[in-house]
Structure formats: C-alpha cells, structure tokens
Amino acid sequence: MRAGRFRDVYIAGPDLVAPVLRGVIAPVGGAPYRISPFFPPSARDIFAEVVERIRRGALTGRQTATACWCALVSPVEITALLDDVYGATEEDPPPLSALRRFVAGLPDDCQFSLVAAAV
C-alpha cells in the first residue's frame, strides 16, 4: 500500500458501496461521498485499524479503489469501533464528541459505508 498525503476515515452512504461489496458491480474509481465528520486522530492509527479489520474479515468490506477501503457497518458497529479505538471516556474532545453525536443520530435499521481513503 502506497501511503497518500492524507489518510481519512469517515462515514458515507451505502448506495455506491453496497453493490460493489456484494459483487453486483465492479469497483468504481474514487471514494464515496462523506456524510459524517472525519474520524479524529487517536493514539492508534484509525486508518490502519479500519483497513486491517477489513483485511482480516472483522468488518465486511474490501478495497474499492487504489487507495480506498470500504465496509458496510451498522451504527452499533461504528459505536463499537469508536469505543475500541478511542476508549469510552466521560468527556470526549470536541471532534470525537461531534462524531459520536452524529453516529447516535443514525437510524439503527440501516447500514452505512465506513470509508478509509488515502488521497
């Protein structure tokens, strides 16, 4: 994997990724559109965490472009990832707090794309 200048993790809508992950259509160039705040930096590299979880099958996903990995996840799975990587603390820094509020507002009965993209 060639490292990009920026490595971001965010939540996107599943509409472009779900058919790719299910093998219905071939991967398309580029990354899906972002609907969430970016995942903030942490002591653990969140980008590497997402890519590794996809590679080992802990998240249902795949590499969808040269430097883009996507997984279909529920809000519960996103919350579990946040708790695992950032820890569950009484008071989060503002960027993490905003991301947690965003995830808490997502409908529980839907899946979303978790995107790790290097640009």
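The values are calculated or read from the model by the stated rules, or taken from the named source; none is laboratory data. This one's a predicted model, so the numbers in the text were calculated from it and none came from an experiment. A quick note on method: Cβ atoms are made from the backbone with ideal geometry, for glycine too, and the neighbour counts reach across all protein chains shown.
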> crowded, with 19+ Cβ neighbours inside 10 Å, out of contact with any Pro (no Cβ under 9 Å at 6 or more places or on another chain), at pLDDT below 90 and under 24 Å from Val119 (Cβ atoms), is that true of Ala31?
Replying inline: yes
>> Any residue in region 92-103 that is touching a residue at least 40 places away in the same chain (Cβ under 8 Å) sitting within a Cβ distance under 8 Å of a residue that is buried (at least 16 other Cβ atoms within 10 Å of the Cβ) and among the hydroxyl-bearing types (Ser, Thr, Tyr)? List the pairs, counting only those 6 or more apart or interchain.
In response: Leu96/Tyr86; Leu99/Ser36; Phe102/Ser36; Val103/Ser36; Val103/Thr79
>> Please count how many residues of region 29-52 are closer than 23 Å to Pro107 by Cβ and either assigned to a helix (DSSP H, G or I) or of a type in the set (A, V, I, L, M) (or both).
In response: 3
> Name the pairs whose Cβ atoms lie under 6 Å apart, with the first residue in region 48-69 and touching a residue at least 40 places away in the same chain (Cβ under 8 Å) and closer than 19 Å to Phe112 by Cβ, the second buried (at least 16 other Cβ atoms within 10 Å of the Cβ) and among the basic types (Lys, Arg), and 6 or more positions between them or separate chains?
Replying inline: Leu59/Arg53
> Which of the residues spanning region 79-119 are buried (at least 16 other Cβ atoms within 10 Å of the Cβ) and among the aliphatic types (A, V, I, L, M)?
Replying inline: Leu81, Leu82, Val85, Leu96, Leu99, Val103, Leu106, Leu114, Val115, Ala116, Ala117, Ala118
> Mind checking which residues of region 84-112 are closer than 26 Å to Pro14 by Cα, polar (S, T, N, Q) and part of a loop (DSSP other than H, G, I, E, B)?
Replying inline: Gln111
